[in-house]
Amino acid sequence: MSGTAPFGYPLKPHARKHGPSGYKNWDNYRDWLRDEFDFRCVFCLRREVWDERRAVFAVEHLIPRKHAPDLALDYTNLVYACSSCNSAKSANPAPDPCVHAYGKLVVVDPDGEIRPLNADGKRLIRTVCLDDEETTRWRALWIGVLHSYAKHYPDRYRAMLSFPLILPDLTKLAPPGGNAKPDGAINCWHAQQSKGPLPVTE
Ligand SMILES: [Zn+2]
């Protein structure tokens, strides 16, 4: 494992796999977003498997509803975020992870500190309060736990960097407005799980 696993942010902008539309409530996009963003918060990288409680995650608007009500139900304006980042972000716009590779904006040190690499990184950190003491301590805790697991409990290490036990089968969902990217559903994590063990993601 790397020194700061699992807090290595993506080095490429996220390319959306799914294109559902037509839901009347943004929470109906939840399972699409869970699969889209690998069951973790795009902002702080917290994973569902660390809690196994979906209720602590939220459907988040990149551009807040009050600034762009017409994008409230637009899939391209939605990401998956934990409740901590959801409440910290509030009504502030965040850099789009599909435009900006977050790994080129910020970097996490082994002690849990997060540093901006440029102005967009400063904006990301500020918008979601990623550098407050509580979040920094939380990151340090998980870096330490996973470092220890990697050394002494490889099975637990794999489990903590893997996927939830029950994954949504996106091929069973029927968005009212259709799905512009059907291949994404066919290759969702649930479908891949049926073909063999899923990879761990550091
Ligand atoms: Zn978060």
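Here are some notes:
- Residue of LYS66, LYS122, LYS89 that the Gaussian network model of the chain assigns the largest fluctuation, springs spanning Cα pairs under 10 Å: LYS66
- Which listed pairs, of LYS12/LYS89; LYS151/LYS172; LYS17/LYS89, have C-alpha distances above 29 Å, in listed order: LYS151/LYS172
- Scattering curve values for the chain, log₁₀ I(q)/I(0), Debye with Cα scatterers, q = 0.12, 0.14 Å⁻¹: -0.61, -0.84
- DSSP-loop GluC sites (Glu not before Pro) across the stretch 35-80, with at most 16 other Cβ within 10 angstrom: GLU52
- For the chain, CYS44, CYS85, CYS98, CYS129, CYS188 stand unpaired, since no other cysteine beta carbon lies under 4.7 Å from theirs.
Any read-out appearing in this document is the output of simple, stated calculations on the displayed coordinates, not a laboratory observation. Fair warning: this is a prediction, and the values are worked out from it, not measured in the lab. Cβ sites come from the backbone with ideal geometry, for glycine too, and all protein chains shown count toward neighbours.
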